[in-house]
Each structure stands twice: as structure tokens, then as C-alpha cells.
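One structure is given below, encoded as C-alpha cells.
Derivation of every value follows stated rules applied to the coordinates shown; laboratory data play no part. From a predicted model like this one, the values you see are computed outputs, not experimental measurements. For neighbour counting, all protein chains shown are included, and Cβ atoms are generated from backbone atoms with ideal geometry for every residue, glycine included.
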Amino acid sequence: MSGPIKLPSGLCVTLSEGLTLSEKKPGKKGRRGVRQRTPGVVPLPGAANTMDDQETSGIIDSLVDQDMTLVGTVPIATSPVSQPVKRRFGKFTSHNATIEVDLDTNENAVVLLEQDGFYTWHFDGVEPPLSGTEPKISHHSSKRGARTVTFQLSLGTSSTGGKKKRGWLGDLIVENVQAFVFKYAGRFLLKHGAAFLERKVRTGWVALDSDNPLEWPELPDLSTVELPEHRAARILLFVHGTFSNTTGGFGALGATPWGRSFLQATRANYDTVIGFDHQTLCVDPLANATALLQGLESRTWLQPAKIDVVCHSRGGITVRSLIEYLLPAATIPIQIERVVFVGAVNGGTELAEPDNWKSLINLYTNLAVGACRAIAMFPQATFAAQLMGGVLKSVGSLAKILVDEAITEKAVPGLAAMEPDGDFIHQLNQSQPGQPTAIESRYYAVTSDFDAKSALENLKELPRQLLLALADGVVDQLMGTSNDLVVNLSSMKHIDAQSGRYIKDSLDFGQNGIVFHTNYFLQPQVTNALARWFDLEFPQVASPARIRGVKAGGVAIPEKTLARLDHDVLVALAEDSGMDTLERIQSNIPSYVVIERQWDEQILHYAFAAEEVIELASQQPEAILMDSLGLHETEASAEGPVDALPPSHEGAQRSCSKRVIGLEDGRVIGVAESEVLATSVDDLVLLADQVSSPIDDKGLVVARRVMPRFVHSKPPLFRNLIDSVSLPVDFAFDRSDGVSVRRTRGHSSGHAGAIISEPTPVLPPAVTCHALAEMDDEVVIGEVTSLDVTLSREIIGATKAVAAQGEISVKTDRKLTVELIPKKNFMAAGETRVEIDVPEDMQPEQLIFDVKATDAGEGEILVRVRQGVRPLVNLSLKTTIIAARTRPPVRRPQEATVIEEEPGPQPEHELSIFELERGGKWLYQFILRAPDLGVLGSWESKPFKGDRSDFIAEIYEDIEQRYLSNKEDYEQFQQELREVGAGLWDELFPEELQDTLWEYRDQIDNIMVLAEEPFIPWELVHFKPPKSGLPPETRFLGEFGLIRWLHNVGWPPVQLRAREGRCHYVIPYYPHPEYQLDEAEKEVDFLESSFKATLVEPHIAPVRKFLESKDGFDLLHFACHGFASSVDINRAELLLQGRIEGANYVTEKLRVSVIEQLSGIVADNGCRPIVTLNACQAGRAGYKMTSIGGFSRAFLKQGAGMLVATLWSVGDLPASKFTEMLYKRLLKNDNLGKAATAARLAAKQEGEATWLAYTVYGNPYATLSTD
């Protein structure tokens, strides 16, 4: 041991043999409360085993902010003969340093030791935890009123043989060690605990209004935030964890391209993005939540606020305290909608036990510094050193407390609250009065199981000494289970376990050596999950006013969106060429390519990463994918519905076999890897560079995959309607050429600009209402049970187990209609329809419907809310019907589909048709609305006898056989069709409905059939007097101006477009003489002259490329052969041109699956196009797996605003006559209902009775504009 060395700082240092003071300049000496910052911050180094002045400065500045004064820095190095000398019996020497510091009576001191980037705290009278050596501490007075504290630091461990156990210090002496000696005043004030020490920690709001976290300003209060006055405000709130603040907890988002993209999207999707800074040691999370609530209450809320939350670590139980304890009794109109828990302590953490606080401070200090090191590796993250102050916000405060030998949980209630067996965690995980239920809560979680042994290979931001200690189980021994180095894995999702499933989805990194407690937000999967869960739109088109869960066309976004499911998917067919697929990849830049292959009556799917397809297909570009990718039926990917994804195939070797494909209604919507793989910081830095400047198509694909994937939303549909003369309002808008245009409702002579101005009417105001339907999750056969429906201006909380709710926009001057449709194994036991006024503020309307369960099994009831004819929201409830109750109710989320509003007139006569099922038997429910006739009624058909599909298939087969037998005898076939239609009338329509329709047959000149069933040719139904034979006159339903539409595909537009340059046709010129359609080829002249339509090459590659184009179209007309069987709808297809190879004609087909896999056909301006399928059987639909397929449904779900198709074979001549007349009448300003009636008549007059085969989908009042 060398003699004492007196340093200029006043410290007295004694070193053991082999140690010396190094030449390294000491860290700067700080004065309490004074920070010296260097302008132009230099990023921290990438290697953890290097000490850098910026890192040192950041740590010192943070501790100075916490009223600690740096007395001095002791730089220690090993002398040339300094390695531990091995003695007999395997014993090692250890190196020691003694530091003496003079203090005033009211002062105390701590030492922070840095050793190869590894930090350990040393407290007065306390050895570093788990070091294995007890300290020798002495106190003596050098003068009256002062004292000297001596720290004896062990810089290496000793071993007497056997397996070595590492504590926080390792077994090796390294070249450089630094001891930072801090002193602080207030020694005798520590009896007041953390409240005194955290007195300077700010409680208040922070605005995340920049990509640079150092530029996030503090807000005096929420009143300074501008929020909308005419609608509910959308707010995103960030709540940090222990020791941190908003900047420190979430600043990593500003370091990466994917994090900055996420921040930009949040600012576009929310009215404001804010963080809540608060103390984390001196008060428990309930006190933090109270302060948060008081901050919310300080503002006058003119409209309700909807808040989504991201919370990290302890922030999770702060947010839960707000939601579960405080908001139920609060009077402010606040709703917490979605909460993401990132590494949250929902079930507590063992590190919060007082005995483990010293381990916690050592571990957290290293994790926080390591996270900042990782941030510094990204070139644009020039703020890494300054983040240190945020991530270490209260670490110094805890260090001061830990100097006290008598540590109790009362000293730090903020930590004690996180004890797993403590009162706070126990009580929080009980159900609180009035708290949201599992069904009402949309909670998500991000978790990681850190494995130190794996980290030894590639984790550079944490020091090796720490990783070696962790690999020996230092933390796992303390915590006793898997963890992210701070929080138990099981704790992260532990929310009121006895009350249902609160966590709806999670991003689980699994066991890995990369993601630990303080670096979650560097991973691109995390920002992608946040974007998915919060339903964020691209910043360029986002609006905080958007109703969540609805995309253009009113089609509902799947509620169960999985974070691990990548939706950037391109679907190709096994028979597609490699060259065509490569072009599609280049155009769409998908993350994955799913290959669809028909094999042995099955459809198989193979999920490839796009770069894998690029690699393989580039080698054989002319070959089909079946060959170039080497597809084999044993290597197909696992697949299943999104809400029940199966595991990947066990033992799979090929990458495509290891992936899982998510389906919705049989349609591929995403691909999931078998596990969520974390990415090392080194690779993340390379990815960040690749995002900035990808070098090839593979690079583009990889760059796309790591960036957040937003909801692809089109502009609201009303934007393309502002020049419609039918709109009852004065509109002002800007044209693309910059000219401001004003159009006023008036009468037009049919020429552009001929407008007669009239006074602008005052539109009734629209308000937001919430609709909730709920019932028990188990219902006993034969019992009458209630289904409750609540409509309210305010947010509604469910009280029953099965509930569905939606947010709708309603006009205040019109009544709302609530109707009940018992779809499966239920029947109504009372009223099924109630009409009410729009509810007033704070006056919810509550309705109770009685239903009776008829058969055991699954039960389903649809509740539909209307205003006039147009449905606003469909609330679907599914329950279980049993013989007797066996358990308490279990909360289960249900489906709600909100339908976007389309301005314009509503149908005068509307017939809704629903499929019902009771006891395995099928029947139809008919709801007829004809306000002008005073008709509003509901009726049920007789149950089907036998198999329903066979019944329908026989109808079509009968029609086609009669056609083949009598196509030369028009009158005979006409009579036989009347007989078929009369049979459908008798078989399907109840007598009361027959009476009504027959009575008003002369007053009905148009009717909209809103149906979900795909089979019945409703156009063919023939009216006749009840219980009588056919009348002399022809009365097919198709002659009544019948226009169809489907449930759950939005509401059809009233304005259709056919603008020059946006009209196209696909009409093959078949090379085989037996396939040629002369009349279809003549349609080209009509389309070109009437619409200036242009050709889409009638081959699969150009047709698909056209449909996938982002430019969209107004009109697409097919005239070709087609085939679809209702019993095998998977193979529905349109026959394209094909080719001649030698003496053979090789056919080419457009399958319905190609349409189903599109990402939508609505144009960027919101225009929903016209699609005409002038082909045999193209309109027929059928059950595809568990869903309804067919070309009609596929195109309508993709956003078509009008569709024309055929239900059975049609002749060449009437096919062209029908479509020509339909277009001509639309061009002459007829609405769609009148145009369809005229077109059917024109085809009929050609002497071809298949004129009834045409089915038209759309709005009966829709008109066509070519402007």
C-alpha cells in the first residue's frame, strides 16, 4: 500500500500495490446548481469500454442538477506489474483504493466509480452491493464542527478456488478507473425522505412538438394548448417511469428515422401530443395521478377529450391509478381510449424492495448510460449526452437516501409502491368501483426477456463487466424470474387478472440479448406497434377529426390488429412470371410477397420476404414463380384468422414455412414471423443509413419494413362531391389551378355554369353520439333475456359481459331508429324497432329489447342504428346459448362497424334482407321501408328445407337448362322464368310481405335491396297475388328499378364520375374462334366514343398492375367470358385473352382472389369507381370458407361505388345492349335506378330473356358526371 496522496481537490487517496494515479485529466469540478455546458455536443462513442468527456459531463451535470457537488475525480490506472498475482491454492490478490473526503457537519458524500464504462455507487459505510467484501469506514474530526469520511474501494474480487461468482465488480483489473466523489448538504434533513430531495423535480406538462427532444418545451398549464371547440379533442399523452422525465424516457424516439416518422405522425393525427413530468420517489403513483388529473381539470373543456397514452415502467401504474381510481369520480369529460404499457410494472418489481434498492441504483445507472450510448451511435442524434439529465433525473436523490444505514420503505414511497407483495400493487390489481372493464379497455403491452449470455455476443452499449455479472445471474437471482433487467416479464401484463383480458395485443421480444428496460424505443418494431395500435394515418393525409376504426368507403378496419402482423403484403399467383412480379415489387415495395397456389382442390399460400423473391426470381425472370421459387405443398405457410393466428409449422426448415399468414374473411392481410426478433444497435445504425439512402430494390424493401406502417386512408369521400349540384349547401373550394370556385345549389339546364342562385339553406348541426349494445355472454335456452342499447352524447361504459360500441355522426333534426335483427339461434320476444329523438347532452337514451334463445350453440344478434334509411352503425353481439348457467360472466369484445355518411337523397323504398339461423336451419328476415307509402314492417320467411346451397345451385342450373332448351323460343322461356320467379315468391316471401308488395306494386318505381346474402337472384322474383297463380302481366322485381347494395361496405355514393382519361376497358380478342365475342368487341367503339375510354391490355400482368396503381380510375369495363359456381366460389374467374402456343390455345384467367387481395380501388380524391363485369356468371357469389366471396363482393369491399355484373349466362347481343343503354341513360342525367330499368328493358326487347341476369349495385339516386 502506497502512502496517502493529497490531491488539489482536497481528497486524500491511498492506493494498493500495482495502482497509480493516471495522467488522465479529471472530470470537471462542479459547483452546486451550476452547470457548464459545451456548445456543439459531440456524440458519445460506440464502444462501451471507452470513457468519454461527453458521457462524463452528462452524468456530472445530471447529479449537479440534483444538488450534488463534485468534490473531485480520482483517475486510477494499473502500473506495469498490476495484474492480480495468482498465489498457492488458487488464491488471487485484490486491489484497493482509499479515498478520504473532508465534510461539514451537515454534509455527506458518495462515490461513483467508473471502470471500463461500468458504474458502481459507493455509500458511506456501505460496500457496493453483491461485491462480496465488507468495507472499512472510519470517521474522525479534523476540526470542530467538521468530519472526514473514508471510502475503501475494492477494485477487484478475490477467489479461493471453485466457480467464481461475479458481483457488480468483475474479476479483472482494467487499465482505467475513475472515482467521482460527490458531496451534498442536508444530511440531517434526510429524515424528511425523498420529498426534500426531489423538491426541484418539476411536475407539469411538456409539448412533444419537435423531432428533437431537447426542443420539447415545458408548458405552464393545459390552457395554453389550442384544442378544437367544435368536436372532441384527440390527445396523445406520454408518461415516464422512475428516475426519469419525458425527455429522458422518450427522447430515443428522436434518434432514429422510424422514431421521427412516428413523432411526425402523432402530431398530424392528434390535436396535441404532450408528456407529464412528475416526481417518482417521494410520492406514490396515486399522488402522481392526482396531480395529472388536477392538470387536466385546470382547463375548461368545451368538448370531451379522448386521450391515448404511452407509458413506460412506473408510468404504467400512474396511468392505471388515474383510470381506475380517479376518473370514475371525476366530472371532466375525459376518456382514456388506448393505453400502451412499455416494460410496465403492473405487477411490481422485486428491485423495489428496500433490500434491493442499492442493486437497483447500480443497475439502473448503467442501463440509463447504456441507452444514451446507443442513442449516440445514430448520426443525427446529437443530443445523446444532454439526455443523460433526463434519464438520471432522480438517481442522485436515491443515492443520498441510501447513505442512511436505516433504509425503510417509508423513506421512498414512490419505489415502495412497486413492491410486488406490497399494498399498492395488491390493491391496484383488484377491481375498483366504476373502473373500465376489460371489454371497455384497449390496452397493449411491449415486453422483453433479456438474456445476458446472448448479450455478450453483440451488445456494445452495456459494459462487459456488467454483462458478465448478469450472465452469472445477479439480477435473475434477485428477481427470481424472467425480466428486462428491471421489471419481471409476468408483471408487465398483470392487470386485474381476475376481471378478464385487459391486454388486447402485445409485442413480445421474447428471450434476447438486445432489448432491456431503458432502450425499448430504439427498436423499429416498437414504433410500428404504436402506429398500428393508435391507428395512425400518414402525416400527409391525417386528421385528428377522423373517426377511428373507419377507412374510406365506410369499411371497418379490423379491431384486432396485431402488432407483429406486417400488412405491407403483395399477393402473387404461382403462375405469375418472375419478371412481372419483380415489376410489381419495384412499384409497391412490399415487406412480404405471398404466393397463392391451387393444389389438389386447396389454395395454399407461401409467405416470402420481398428480398427473397427478388433474389430467386431475378435468377429466372422468365420462369413462373412456381418454378423459380421452388414451391412445394409441404412448405406452405401456416395461416388463420387474425384473432386466432396459428403457430408456425413445427420443425419447418424453409423461411416461408416458418412464417404465419393472417386472414380476414379469407383474404390475406398480413404476414407474421414466428417470433419478434430484436435488432442490435450496430445493425440499427446500418438500417437507419439504408432508410436514408437505399441502394437497390432490396434496400428499399428493408427500409420500408423498418419504418412505421400507417393506415392507408383516402381523403374523406365528401371532398369529391363539392361540385355536385344536388348538394343543398353553399360550397367554396379551391381548384388545383388555384382559382377559387363557389357553387350554389340551384337548377341547371344541363350545361356547365348554368346555375341559378338561391338563398343558402341552413344545415342542421351534426353531433357525435355513442352507441352501445350489450348483453350477457351466456344465455339459457328458452329464457327471455334482455339486450340493452344506449345512445348518448357522452362516452358510455358497458355493464354487461358482451358489448359492442361505436361513435357516429348524426343530424339533430331527424329521429334515430334502433332495430334488432336476431341473426342466429335467437328470436325476438318483443319489439324489434324503436324510434327516438337524438339524445341531449347528459341525457342518454336507454332501450331494452327482449330476445329468446331458441337453440344451443353460438348466438348472434345484430343491432342497427339508422337515421332515415341510411344505417349509421352495425353492432354485432355474439353470445353462447347453454342449457344452464355454469360460471360468472366473462367480458368479450364485439364487432362494431361505423358507416361513413354520404350526402344526398335517400332511397324511397328499401328492402333489407338478413340471413337468420335457428337450430341449424336457415331463413330470411325482410324489413321493408317505404315512408311515402306509410309502410314499415318486418317479416320472416319459412326455414329452408334441405341444404340452402343446393337449393340455390338448382335454381341457376334450372335457369340455364331452360335457356339452352328454349333460347330460340323467347315466349316459352319467358313463361318458364315467370314460373321460376313465382316459385321464389312463394318459397321466400312471407304472406304478409306479399300482401304489402302486391298492394303497392303500381306505386313502387324503384327499390333498393340491402342484403348480406349472396345467392338469391332477387331480380327474378315475380310478384303475384298471395295464394294465387301468375297474373297476366309480367311483374319481375327487376322491373321495379331494383338496385342492390351490401351491408358493411359503407354507403353508396350519390355522385359517380366518368372523366376523360380515367375511363378504361378490358375486352379480350380471343384467338380461338369458339371463344370470340363479336358484340363484346363492338363495345370498344361505344366506350371510346362515349367516354374516351382507353384499353387495358387483356392479360393478367397489365390488368393487375392497373388495379394496383395508386392513380385510381373512374370506370373499368370488362366484356369477356366468365365463370363462377356458388359452391366453388374460390375459382370464380374472368377469361382474359390468353395466347397461342404451337397448335394450342393457352387460356389466361383473372381470379377473384386477385381482387380480394387489392389494397383498395378508391382514388386519392375519394372517388369510388364504376366497375362493369359484362361476363357470364360474374356477379354470382357464394360462401368462401367462413366468408362470402365472389367478384361483386370483392370489388365492392375494395371501394367500388357502382357495380354491374351478371348472375347467369347471358347472350352476346343483349350483353352489349344492356350496358350501352345503362351508360346512355346515365349520360342523359338519369339516376341509376331509372337507368337500370331502361337498360333491362332494352335487353328484353332484343328477344333475349336473360335480361334479368343483370344485377346492379349502387345508390338508386346516383348520377353520373363527366366533369
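Were the residues from LEU1227 through GLU991 laid out at 0.36 nm apart, the gain over their Cα-Cα distance would be 81.0 nm. Efficiency by 1/(1 + (r/R0)^6): what FRET value for LYS1110 and SER454, r their Cβ-Cβ distance, R0 = 35 Å, to the nearest 0.05? So, using R0 = 35 Å, E works out to roughly 0.25. Averaged over residues, the count of other Cβ atoms within 10 Å places the peptides 677-683, 266-272, 600-606, 871-877 in the sequence 871-877, 266-272, 677-683, 600-606, highest first.
Of GLU992, GLU910, the sequence from fewest to most neighbouring Cβ atoms within 10 angstrom is GLU992, GLU910. The HN-Hα couplings worked out from phi for segment 358-372 by the Karplus form 6.51 cos²θ - 1.76 cosθ + 1.60 (θ = phi - 60°) are 5, 5, 4, 5, 5, 5, 5, 4, 5, 5, 5, 5, x, 5, 5 Hz, whole numbers, x standing for Gly and Pro.
For segment 1055-1265, the dipole from Cβ point charges (+1 on Lys and Arg, -1 on Asp and Glu) about the Cα centre works out to 800 debye, to the nearest 20. Every Cα-Cα pair in segment 565-675 was counted, and those over 22 Å apart are 25% of them. A convex hull fitted around the alpha carbon atoms of segment 221-314 yields 97 Å³ per residue. Taking label positions 7 Å along the Cα-Cβ direction at both ASP209 and ASN1048, the computed distance is 4.3 nm, reported to one decimal.
Sort 350-362, 109-121 for me by packing, meaning the mean count of neighbouring Cβ atoms within 10 Å per residue, highest on top.
With the highest mean Cβ count within 10 Å placed first, the list reads 109-121, 350-362.
Report note on the peptides 219-226, 447-454: ranked by the mean count of other C-beta atoms within 10 Å, highest first, their order is 447-454, 219-226. When the C-alpha to C-alpha distance is required to be over 32 Å, the pairs from LYS358/LYS460; LYS493/LYS800; LYS878/LYS942; LYS658/LYS823 that qualify are LYS658/LYS823. Normalised by the number of residues in segment 565-675, what is the relative contact order in percent for Cα pairs under 8 Å and 6+ residues apart? Over segment 565-675, the number comes to 26 percent. Counting other Cβ atoms within 10 Å as a rough exposure proxy, the listed residues GLU819, GLU650 run GLU650, GLU819 from fewest neighbours to most.
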